[in-house]
1. My understanding is that a pair violates if its Cα-Cα distance is over 24 Å; which of 306/354; 306/347; 231/347; 72/329; 231/354 do that in this structure?
2. Largest first and in whole Å, what are the equivalent-ellipsoid semi-axes of the range 79-184 based on the Cα gyration tensor, each being the root of 5 times an eigenvalue?
3. Springs between alpha-carbon atoms under 10 Å, Gaussian network over the chain: tell me which of 159, 362, 306 tops the mean-square fluctuations.
4. Expressed in nm to one decimal, what extension gain is obtained for the pair residue 69 and residue 164 from 0.36 nm per residue of sequence separation less their Cα-Cα distance?
5. For residue 388 paired with residue 182, estimate the spin-label separation in nm (one decimal), with each label point 7 Å from Cα along the Cα-to-Cβ line.
6. Taking the chain as the reference, fit the longest principal axis to its C-alpha atoms, fit the long axis of helix 256-265 to the helix C-alpha atoms, and give the angle between the two in degrees, 0 to 90, nearest 10.
7. Please report the base-10 log of the normalised intensity I(q)/I(0) for the range 182-227, using a Debye sum with one equal scatterer per alpha carbon and no solvent, at each q in 0.13, 0.24, 0.25, 0.29 (1/Å).
8. Would you mind getting me the FRET efficiency between residue 323 and residue 295? Use the beta-carbon distance for r and R0 = 22 Å, nearest 0.05.
Amino acid sequence: MTEQFLRFGIFLAPFHSPDENPTLALERDLDLVTHIDKLGYNEAWIGEHHSGGFEIIASPEVFIAFAAERTKNIRLGTGVSSLAYHQPLINADRINQLDHMTRGRVMFGVGPGSLPSDAFAMGFHPNEQRRRMNEALDVLLPLLNGEQVDVETDWFVLKEAKLQLPSFSKPMIEMAVASLRSPAGALAAGKHGIGLLSLGGTSNEALAAHAENWRRCEEAALEYNQKVNRKNWRIVTLMHIAETREKAEKNIAFGLDKFSGYFRDIAPTPIVPPGVEDPLKYLRDSRMAVIGTPQDAIEHIERLLKGSGGFGVLLELAHDWADWEQTQKNYELMSRYVIPHFQSSMKVRSESYKNVAANREKYVGAVNEAISNETSRYEERQRKINNEQ
């Protein structure tokens, strides 16, 4: 599995404690995306949330517009645009504009919306979110493909609706559907032949659920005469690495408790269940997270590749477990030692080193011979000069 070219990115919800300045937290999120762009990360996915005070980006599109101006290569995705909250024509038009303004660096991640408090604030029951997502997807794909759409539902109407600009990306912008444990996201991805974003943890149980959802995705694609590819399957996991396990453990004392508390108090799927006294031990023992060294991260990713059957992109869930300095260090260590392991960029160098080392006697002998020959030629010239004088 390590022979495949695995891409890397982050899933930036983001997660910031309400006890810090939100303006500075958002600026730090932009700095993070700029930082990993310089380090060679491939992707960053930006979330959408409207309540709870912790995941504070309301418009991934606005954030992406800022981030695109500060970065050079990294691709930027909505992670995700909550389709149940948006009129589809407006949603399609905005992401299509970003596709042009980023010259094709934007990706359109979609989902039903993760926080039930958001749905209640907008006046509908969370039971409606997945239905609305599917109804929106049914018209978003034709719209983004340049088709005209006429449809009426109980929450939006489109009459002779068509985008006024073609897609910059051809044949259209890359899309992916979020999937936790329910089959809704996987079935939607298969039905429309688009990518899958698997969240919900990487314990053995969660990994088995992800693998089953990918099977459902392939099954739905077959039913609807579509094609899906594992290279467009992204799995989100939790990590913090440092030079040693002890240092990694010390680093995350900064913010792990606040992160765990948010998932216990507000988020519908607690990463650390109520009653757990030692979040670090729980995350490590359950294999939900890597808190250790670059080698620990490599072994964790290899487990995910094997347990899933293979996927195309590994996304780190961005968080404030450590302070800003050590958070940046985590991504630097990933870029220096972990990512190259899965992109074959160290293998060729290692083979070259071993080959030259194995033939050192021949190469050094040739150098010594060349030096000796050059010395002899010099001495011969000097003798001729002396004889002529």
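1. From the list (306/354; 306/347; 231/347; 72/329; 231/354), the Cα-Cα distance tops 24 Å for 306/354; 231/354.
2. After diagonalising the Cα gyration tensor, the semi-axes are 23, 17, 11 Å.
3. In this elastic network of the chain, the residue with the biggest mean-square fluctuation among 159, 362, 306 is 362.
4. Taking 0.36 nm per residue and subtracting the Cα distance, the gain is 31.8 nm.
5. It works out to 9.5 nm between the two label points.
6. 20 degrees
7. Debye intensities relative to I(0), on a log10 scale: -0.25, -0.73, -0.78, -0.95.
8. After rounding, the FRET efficiency stands at 0.40.
FYI, it's all coordinate maths here, none of it is from the lab. Quick caveat, the model's predicted, so the values are computed rather than measured. Note: ideal-geometry Cβ built from the backbone for every residue, glycine included; neighbour counts use all protein chains shown.
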